[in-house]
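Working notes, structure below.
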Amino acid sequence: MNLAANTILITGGASGIGLALAERFVKAGSEVVVCGRRADKLLEAQQKVPGLHTRVCDVAEVADRVALLEWVKANFPRLNVLVNNAGIQRRTQLAQNDEPWENHRQEITINVDAPIHLAMLFLPHLQQQQNPAIINVTSGLAFVPAAFVPIYSATKAALHSFTLSLRHQLANTPVQVLEVVPPAVDTDLGGPGLHTFGVPVDEFADSVMQRLANGETEVGYGFSEKSRLASRQEADAIFQQMNNR
Ligand SMILES: NC(=O)c1ccc[n+]([C@@H]2O[C@H](COP(=O)([O-])OP(=O)(O)OC[C@H]3O[C@@H](n4cnc5c(N)ncnc54)[C@H](OP(=O)(O)O)[C@@H]3O)[C@@H](O)[C@H]2O)c1
């Protein structure tokens, strides 16, 4: 992927991995729009990355997704890259759970429903652009689930599966379909302080950018690279190791 001269939308790009990628794409010479629900986080991101464009948007809402496309077409008609990065992670004990279904459904809506719908909504526009691409941010847990986040892991497996089919269906078009597969990264995912065991976000983002520039289509890092490439037997061993701590 050419990192310069793109116009890129990164969902959930006001923090964490999305912001780290946004910062690097801007530095490489691309124009970047990030969207998210919290206006204060978007403002903070803009202060950190001069030139960054922002848009308040809740990707859980179908109407917001449609409005986002219309806004992009009006304001950034040359937008050629969609990065489906927004996501949430919830820890769930399946057998001892008295939470309303709506809380769980929200995790599925944000992590699966939204990126699939956004990809389909944006495709007609992307297909008319130079060097179009869709980048889906999944997880190492798409390949080997962590049982303490069972719904999250399932959503990421679904998005990985969708990414493979999307790439296959678009193989004879100019639209590149790429997948970023993070390992545990030190961000606010799941809530502040819950992911401090992860690798530093800058280290991860630097590696992703380098590998995208090298033309790789599915990019992991460290533990997620191991999971992504594991045989079934190795994946079973990783599952045991990760879940029996
Ligand atoms: N950190 C890790 O260990 C890790 C590992 C594997 C995969 N990932 C994936 O990487 C992606 C980025 O996560 P992160 O680690 O960078 O965590 P993060 O800092 O919490 O970033 C997630 C971003 O998504 C946005 N978001 C959440 N729900 C949204 C919605 N309904 N509409 C619009 N934006 C929404 C959040 O902003 P608002 O709350 O303001 O909307 C936030 O900026 C996620 O897809 C995550 O699953 C992370």
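The values are calculated or read from the model by the stated rules, or taken from the named source; none is laboratory data. It should be emphasised that the depicted structure is a prediction, and the values quoted were computed from it without experimental measurement. Every residue, glycine among them, receives a Cβ derived from its backbone with ideal geometry; neighbour counts consider all protein chains shown. Ligands, DNA and RNA are stripped out before the accessible areas are found, and what is left, the full protein with its side chains, is counted by its heavy atoms. Shrake-Rupley method; radii C 1.70, N 1.55, O 1.52, S 1.80 Å.
Could you check the simple spin-label distance between N75 and I88, using points 7 Å along Cα→Cβ, in nm with one decimal?
2.3 nm
Summing -39500 (n - 2.57) over the DSSP H runs of n ≥ 4 in the chain and dividing by its residue number, what mean residue ellipticity at 222 nm do you reach, to the nearest 500 deg cm²/dmol?
-14000 deg cm²/dmol
When only Cα pairs under 8 Å and 6 or more residues apart are kept, what is the percent relative contact order across the chain?
Details: 440 pairs, mean separation 46.3, N = 245.
For the chain, the relative contact order is 19 percent.
With springs only between Cα atoms under 10 Å, which of E99, E31, E61 fluctuates most in a Gaussian network model of the chain?
E99
Excluding residues on the same chain fewer than 8 positions from K156, give the aspartates and glutamates whose Cα lies under 16 Å from its Cα.
Excluding near neighbours in sequence, the set is E107, D113, E179, E218, E225.
Roughly to the nearest percent, how much of the accessible area of region 4-53 is carbon and sulfur, given a 1.4 Å probe?
Numbers: 1040 of 2040 Å².
Carbon and sulfur: 51 percent of the exposed surface of region 4-53.
For the pair V62 and D98, what calculated FRET efficiency results from E = 1/(1 + (r/R0)^6), where r is the Cβ-Cβ distance and R0 = 30 Å, to the nearest 0.05?
Details: r = 28 Å, r/R0 = 0.95.
Calculated transfer efficiency: 0.60.
Hey, what's region 7-243 come to in accessible area per residue, 1.4 Å probe, Å²?
Working: 10960 Å² over 237 residues.
Accessible area per residue, region 7-243: 46 Å².
When the accessible area of region 184-230 is split by element with a 1.4 Å probe, what percent falls to carbon and sulfur?
C and S fraction of accessible area: 53 percent.
Treating the angle as unsigned and between 0 and 90°, give the value, to the nearest 10°, between the Cα long axis of helix 201-213 and the longest Cα principal axis of the chain.
Tilt of helix 201-213: around 60 degrees.
Report in % the part of the accessible area of region 77-131 that belongs to carbon and sulfur, leaving out ligands and nucleic acids; probe 1.4 Å. Before the final figure, lay out the partial values.
Numbers: 1460 of 2940 Å².
With neighbouring chains kept in place, the figure for region 77-131 is 50 percent.
Where the centroid of each part is defined by its Cα atoms, how far is region 220-245 from region 59-79 in Å?
Value for the Cα centre distance between the two parts: 37 Å.
Per-residue HN-Hα couplings for region 39-54, Karplus 6.51 cos²θ - 1.76 cosθ + 1.60 at θ = phi - 60°, whole Hz, x for Gly and Pro?
So the Karplus estimates, Gly and Pro as x, are 4, 5, 5, 5, 5, 4, 5, 5, 5, 6, 10, x, x, 5, 9, 9 Hz.
At 7 Å along the Cα-to-beta-carbon direction for both T217 and D186, put a label point, then send me their distance in nm to one decimal.
3.5 nm
Nearest 10 degrees, 0 to 90: what angle lies between the long axis of helix 114-126 and the longest principal axis of the chain (Cα atoms)?
Once rounded, the angle reads 30 degrees.
In degrees from 0 to 90, rounded to the nearest 10, what is the angle of the helix 62-75 Cα long axis to the longest principal axis of the chain?
That works out to roughly 30 degrees.
Quick query: amide H of L178 versus all other amide H atoms, modeled in the peptide plane; which residues come in under 5 Å with a sequence gap of 5 or more or a different chain?
I134, I135, N136
Against the 2.2 N^0.38 Å scaling, with N counting residues, where does region 7-243 land? I'd like the Cα-based Rg ratio to two decimal places.
Relative to the rule-of-thumb radius for its length, region 7-243 sits at 0.97.
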